[in-house]
1. Share of the range 5-129's accessible area from carbon and sulfur, percent, 1.4 Å?
2. Just want the answer: with Cβ charges of +1 for Lys and Arg and -1 for Asp and Glu, which residue in ILE111, ALA42, LEU60 is farthest toward the dipole's positive end in the range 21-115?
3. Specify the angular offset, from 0 to 90 degrees and rounded to the nearest 10, of the alpha carbon long axis of helix 97-119 from the longest principal axis of the alpha carbons in the chain.
4. State the volume of the convex hull built on the alpha-carbon positions of the range 1-137, expressed per residue in Å³ and rounded to an integer.
5. Accessible area per residue for the chain in Å², computed with a 1.4 Å probe and the full protein assembly in place, what is it?
6. For the range 140-182, what does the convex hull of the Cα positions come to per residue, in cubic angstrom?
7. Taking the Cα atoms only, what angle lies between the long axis of helix 126-147 and the longest principal axis of the chain, rounded to 10 degrees?
8. What are the semi-axes of the equivalent ellipsoid of the range 90-191, taken as the square roots of 5 times the eigenvalues of the Cα gyration tensor, listed largest first and rounded to whole Å?
Amino acid sequence: MTTPSSSPEADQPAAVDQLATALQALGHYRGTNTADEHAAAAERLGGEAVYRAYLANALLGAAQFEAILNESVELDNEQRAAVYLQQQQTVGVAGDQTGMLEFLRWQLLRISAPLRENAQTEQAGPVPVAAAQTAEGLDRLLTVSAAGHTLTEQADIDSVAEQLDTAHQALSSAIENIDQLRALTEQARSGSGADSESSES
């Protein structure tokens with residue numbers, strides 16, 4: 001089963017009533033799906049484009065929830081690869097290396113934003129911070145890969161160098177945080193071992 005987004009019409013955003021209808025079908029829309037209701041919501045949120053993004057992301061969340069539920073069954077590696085390929089085909093990036101990398105980066109940005117927010121909280125330890133830094137490094141690497149630089153122009157060389165420097169800095173910082181946590185765990189393990197020896201003597 002494939003549903004590629006190849007036509008010009010498929011590249012246009014769906015109307016708000018279409019998004020609401022899809023949400024209704026999945027049981028995640030409690031409104032009346034009328035023009036007046038949508039107009040009021042759009043005005044409240046800052047315009048139709050913003051409101052449409054809200055609905056699209058609500059639909060994305062509903063679809064992801066369905067995917068989580070349905071992927072809880074036993075899938076072998078081949079079946080899982082086919083399932084994931086279906087998403088790529090629907091988006092229209094299957095077989096398109098640049099499109100795939102940009103799509104992966106889009107997905108990564110949705111992950112890295114909450115990671116960064118979590119890393120800035122007082123309760124965040126080295127692990128969330130390292131995860132956020134790793135996401136930043138991966139984002140820069142995907143940016144370079146998706147751009148398809150040939151390194152024949154000075155501007156390309158400068159851009160790649162800047163992106164790689166940022167990736168290196170972010171990933172190096174992540175490693176530093178991981179090393180801090182490893183040191184703490186080793187201290188804890190050493191302490192536990194010493195306590196165990198003391199109790200036996």
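The values are calculated or read from the model by the stated rules, or taken from the named source; none is laboratory data. Just so you know, these numbers come straight off a predicted model, no measurement behind them. Here the Cβ is made from the backbone with ideal geometry for all residues, glycine too, and neighbour counts use every protein chain on show. Protein only, heavy atoms only, side chains kept; ligands, DNA and RNA dropped before computing areas. Shrake-Rupley method; radii C 1.70, N 1.55, O 1.52, S 1.80 Å.
1. Values: 4640 of 8490 Å².
Looking at the range 5-129 in its full context, I get 55 percent from C and S.
2. ALA42
3. Compared with the principal axis, the helix lies near 60 degrees.
4. Working: hull volume 24.4 nm³, N = 137.
Here the figure is 178 Å³ per residue.
5. Numbers: 13690 Å² over 201 residues.
For the chain, the per-residue accessible area is 68 Å².
6. Details: hull volume 2.3 nm³, N = 43.
Output value, Cα hull per residue: 53 Å³.
7. 50 degrees
8. On the way: eigenvalues 201, 61, 25 Å².
Here the semi-axes work out to 32, 17, 11 Å.
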